[in-house]
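> Mind looking over this structure? Questions follow.
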Amino acid sequence: MRHGDKIKNLSRTASHRRALLSNLTCQLITHKRVITTLAKAKALRVYAEPLITKAKENTTHQRRVVFSYLQDKDAVTELFSTISPKVAGRPGGYTRIIKLGARVGDNAETALIELVDFNEVYGKGKGEIKETTKRTRRGGSRKKAGEQATDSTATEAKSQPTETSKEKTAEGKKDSK
């Protein structure tokens, strides 16, 4: 039984697992996305997100704590200089896992894990923040429908030829006889 065993062992010893997750986290920080197996991606999320949270506070102590996990100066510098300012307002959920399907060689389930704020496809784009207007459902549709009705009658009137005054008087004389 595995009651209370919450750590994903990934069929590795503790030192091998620690080295694997450290290297994957360094690659995630450097390249902003990594393609790996689904099990490793889920384990990586649990490992990397607390480090990104620690990077929000740029102190010497937090840098040393993160360096003790990663052992890579370039990754620590990248984390504290570019990633932490971008995720400063986010209260968690810094990574996204997208399933890619089975790998050809061994049929392993693969996944793409990426940093959420560094993807232009799903995010807001290149730093653009669009201001959203407050939308209500109170009576706006009736007003627009009324405007469309008046516009459609105006276009119909323009499309039909208008009768001249001579034609109107000729028709009036025929009707009276």
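Taken together, the values in this text are just the output of simple stated rules run on the coordinates, not laboratory data. Bear in mind the structure is a predicted one, so any value in this text is a computation, not a measurement. Ideal geometry is used to build each Cβ from the backbone, glycine not excepted, and the neighbour counts take in all protein chains shown.
> Once amide H atoms are built 1.01 Å from N in the peptide plane, which residues 5 or more positions from residue 109, or in another chain, come under 5 Å H to H?
Distant-sequence amide H within range of residue 109: 38, 103.
> I've got another one for you. Compute for segment 14-118: radius of gyration divided by Kirkwood radius, i.e. Rg/Rh, restricted to C-alpha atoms, rounded to two decimals.
Values: Rg = 13.8 Å, Rh = 14.0 Å.
The Rg/Rh ratio comes out at 0.98.
> Starting with the fewest neighbours, write out 78, 109 ranked by other beta-carbon atoms found within 10 Å of each beta-carbon. Before the final figure, lay out the partial values.
Numbers: 78 18, 109 13.
If I rank by nearby Cβ atoms, fewest first, I get 109, 78.
> Once the piece of chain linking residue 104 and residue 15 is laid out straight, how much longer is it, given 0.36 nm per residue of separation minus the C-alpha distance between them? Working shown, then result.
Details: separation 89, 0.36 × 89 = 32.04 nm, distance 2.90 nm.
Taking 0.36 nm per residue and subtracting the Cα distance, the gain is 29.1 nm.
> Can you check what the net charge comes to around residue 114, using other residues whose Cβ is under 9 Å from the Cβ of residue 114 (Lys, Arg +1; Asp, Glu -1)? Intermediate values should be presented prior to the final figure.
Details: positive: 32, 33, 96; negative: none.
That sum, taken over residues with Cβ under 9 Å, equals +3.
> So what is the relative contact order for segment 14-118, in percent, with contacts set as C-alpha pairs under 8 Å and at least six apart?
Details: 129 pairs, mean separation 36.9, N = 105.
Relative CO of segment 14-118 lands at 35 percent.
> By how many nm would the segment from residue 135 to residue 88 lengthen if fully extended, with 0.36 nm per residue of separation less the alpha-carbon distance? Let's see the in-between values first.
Values: separation 47, 0.36 × 47 = 16.92 nm, distance 2.83 nm.
Full extension of this stretch gives 14.1 nm more.
> What ³J(HN,Hα) values, in whole Hz, does the Karplus curve 6.51 cos²θ - 1.76 cosθ + 1.60 give for segment 93-103 when θ = phi - 60°, with x put for Gly and Pro?
x, 7, 10, 10, 10, 10, 6, 10, x, 7, 6
> If you stretched the chain out fully between residue 121 and residue 32, how much longer would it get, using 0.36 nm times the residue separation minus the C-alpha to C-alpha distance? Numbers along the way, then the final one.
Details: separation 89, 0.36 × 89 = 32.04 nm, distance 1.36 nm.
Taking residue 121 through residue 32 to full extension adds about 30.7 nm, to one decimal.
> Give me the distance in nm between label points sitting 7 Å out from Cα along the Cα-to-Cβ direction at residue 74 and residue 5, one decimal.
About 3.8 nm separates the two model spin labels.
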